[in-house]
Amino acid sequence: MKIPDNLSPLLQQLLTEYQPLAREGKVASYIPALAQVDPDQAGVAFATLDGSVFKAGAAEQLFSLQSVSKIFGLVMAMNRLGDELWQRVNMEPSGQPFNSIVQLEWEHGIPRNPVINAGAILVADVLVSHYSASKTAFLTFLRSLCRCETIYADNKVYLSELEHGNRNAALAYLMKSFGNIESEVPQVLEHYFHQCATAINCEQLATSLLFLANRGVQPGSGIQVCSRRDAHRVNAILSTSGMYDQSGEFAFKVGLPAKSGVGGCIVAIVPQVGVIAAWSPPLNRFGNSVVAMQLISKLAEELGLSIF
Ligand code: GLU
């Protein structure tokens, strides 16, 4: 696949074309701190394995990482627990909203996959149980991947989610009742909300996930962040489950492993090439950013990026 030498003009053109679509979406409001975000901001960055970062719009504006944090937690838990993890969480698409509770009851407290809320809370339990300071360990991991020491968790978003996290608490207590959560639930939820509250920008996010486009190796440093097999597995899970209830459509139309978050960002892995991170807060009815979806779809089509 031949990527143009300078992608920034194309990114700018797509952003200008699709930004008006923001009007069709709604900013997430079930976490009150997220509802205060300016809906008209949008940015995109495309980091490539050779170290280039192309960007347009508000690519350096911080936003709330939210569900995209599930990728980093998952990689940490896979590194820590190995294949034992897959006895406690499955790897199937859920076909249910990201915070659904019914399936968890039927399936005896084993979450369908690690990128729906129940699965990510399970992963948070693994981290809390295996690190003496899991919140710091998470930030340290992310900082090393972004090569940015200033990445932090936004306390306002964290507290807002702690206060309004009843559904996530219900998921955690249900799993605990089935014996699938080891640590105390409040501690697990604190970790989960803290990682969701991470403030990051498109450039940092795209750079941080390059190892998933490069068989587990961080380009530049050569550090093996996770095994090649696990990088492939994370990408497989993102391809089937990363875009909430629109994962099938995203695979069909775009064809890239991707994860979205209710903060309005979508990150897409382009194996052997790089990582795209796009952000615009208003969401469609599935919880995916309207503008980021369109922008990544068109970019993938123009450049022929589908892995299928
Ligand atoms: N912290 C959010 C929640 O648990 C994450 C949801 C998301 O981005 O999908 O509800």
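The values are calculated or read from the model by the stated rules, or taken from the named source; none is laboratory data. Quantities reported herein were computed from a predicted structural model and do not represent experimental measurements. Please note: Cβ atoms are built from the backbone with ideal geometry, for glycine as well, and neighbour counts cover all protein chains shown. We work out accessible area using only protein heavy atoms, side chains counted, and drop any ligands, DNA or RNA first. Shrake-Rupley method; radii C 1.70, N 1.55, O 1.52, S 1.80 Å.
Of note:
- The residues of the stretch 1-48 that are among the charged types (D, E, K, R) and either assigned to a loop (DSSP other than H, G, I, E, B) or within 12 Å of Ala292 (Cα to Cα) (or both), listed by number, are Lys2, Asp5, Glu17, Asp38, Asp40.
- Test result for Asn166, in contact (Cβ under 8 Å) with a residue 60 or more places away in the chain and surrounded by fewer than 23 Cβ atoms within 10 Å (Cβ to Cβ): no
- Within the stretch 193-201, one or more residues are within 16 Å of the ligand (Cβ to nearest atom), of a type in the set (Val, Ile, Thr), in contact with a helix residue (DSSP H, G or I) (Cβ under 8 Å, 6 or more places away or on another chain) and open to solvent by less than 20 Å² (accessible area, probe 1.4 Å).
- Restricting attention to the stretch 15-46, the residues being over 19 Å from the mean Cα position of the chain (by Cα) and of a type in the set (Phe, Trp, Tyr) number 1.
- Enumerated strands (runs of 3 or more DSSP E) restricted to the stretch 239-308, each holding at least 3 residues that are open to solvent by 10 Å² or more (accessible area, probe 1.4 Å): none
- Between Asn90, Asn166, the distinction of being more than 25 Å from Trp279 (Cα to Cα) and within 11 Å of the ligand (Cβ to nearest atom) belongs to Asn166 only.
- Yes/no for Tyr18 being modelled with pLDDT under 95 and of a type outside the set (D, E, K, R): no
- Members of the stretch 182-192 that are within 12 Å of the ligand (Cβ to nearest atom) and either open to solvent by 60 Å² or more (accessible area, probe 1.4 Å) or hydroxyl-bearing (Ser, Thr, Tyr) (or both): Tyr192
- From the list Gly119, Gly179, the one residue that fits, being touching a residue at least 40 places away in the same chain (Cβ under 8 Å), open to solvent by 40 Å² or more (accessible area, probe 1.4 Å) and small (Gly, Ala, Ser), is Gly179.
- Filtering Ala33, Ala59, Ala28, Ala77 for residues that are farther than 21 Å from Tyr192 by Cα and open to solvent by less than 30 Å² (accessible area, probe 1.4 Å) leaves a single hit, Ala59.
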